[in-house]
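Have a look at the structure below before the remarks.
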Amino acid sequence: MPVNKPSEWKVESRKLKVSKSFSIFLFIGIICLCCFTASAQDDSTKVVKYPIHSAKKAMLYAAICPGLGQLYNQKYWKLPILYAGLGTAVYFIFFNQHYYNLYNNQLSSYNPNSLYNIYSTSELSQLITYYHNDRDLSIIIAVGVYLISIIDANVDAQLHGFNVSDDISFRFTPNFVPAVGGTMAFTPGFTLAKKFGK
């Protein structure tokens, strides 16, 4: 019994519309959650002593669950970026896998006398290769985003208590430097001094 292709395409397009709308709804929900979290922070200008952050703990958290290392480091604004990258990669993994399976099944049950064959066998082979390569690329991108989140959690934990005060000043002055060798001569030069504290 031949399959009615236009009705199958309508079902496929409805499924894609539903999955796209769900992805957009999920992305907007994550952004709203992060905005409410960020607005609850205090804007005081007091000097805050940060507790010691363990880079190993941040990496372990990020490896267990993507984004948990960023939460441990209190970098809440990075979560929507991380989950948008992972969500997009996972969406394209499933999207490309679906079409890979669809065209692979069409190729395995190919009937040249059927009226509903839109693609030839060589075109089906090209489509299978295309979606297979795109699926593999999406997997590589998802793993890359996951590894970058682990590295980012480690770097943030190591730089968590780094002092970035307004007084970052250097003083550049001319100076005379004593010559090497015990002679009483002086060599002109420059001195670069960093001011620590107040």
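What the table shows:
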quantity: Shape category assigned to region 78-133 from the gyration tensor of Cα positions, a/c cut at 1.5; calculated: prolate
quantity: Total formal charge among the other residues, if their Cβ is under 11 angstrom from that of ALA157, Lys/Arg +1 and Asp/Glu -1; calculated: +1
quantity: Environment charge of ILE141, counting only residues whose C-beta is closer than 15 Å and scoring Lys/Arg +1, Asp/Glu -1; calculated: -1
quantity: Nitroxide proxy distance, nm - points 7 Å out along Cα→Cβ at LEU107 and TRP77; calculated: 4.7 nm
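Throughout, read-outs are computed from the coordinates displayed, never taken from laboratory work. Owing to the predicted nature of the structure, the values given are computational and were not obtained by experimental measurement. No Cβ is skipped: glycine too gets one built from the backbone with ideal geometry, and neighbour counts run over all protein chains shown.
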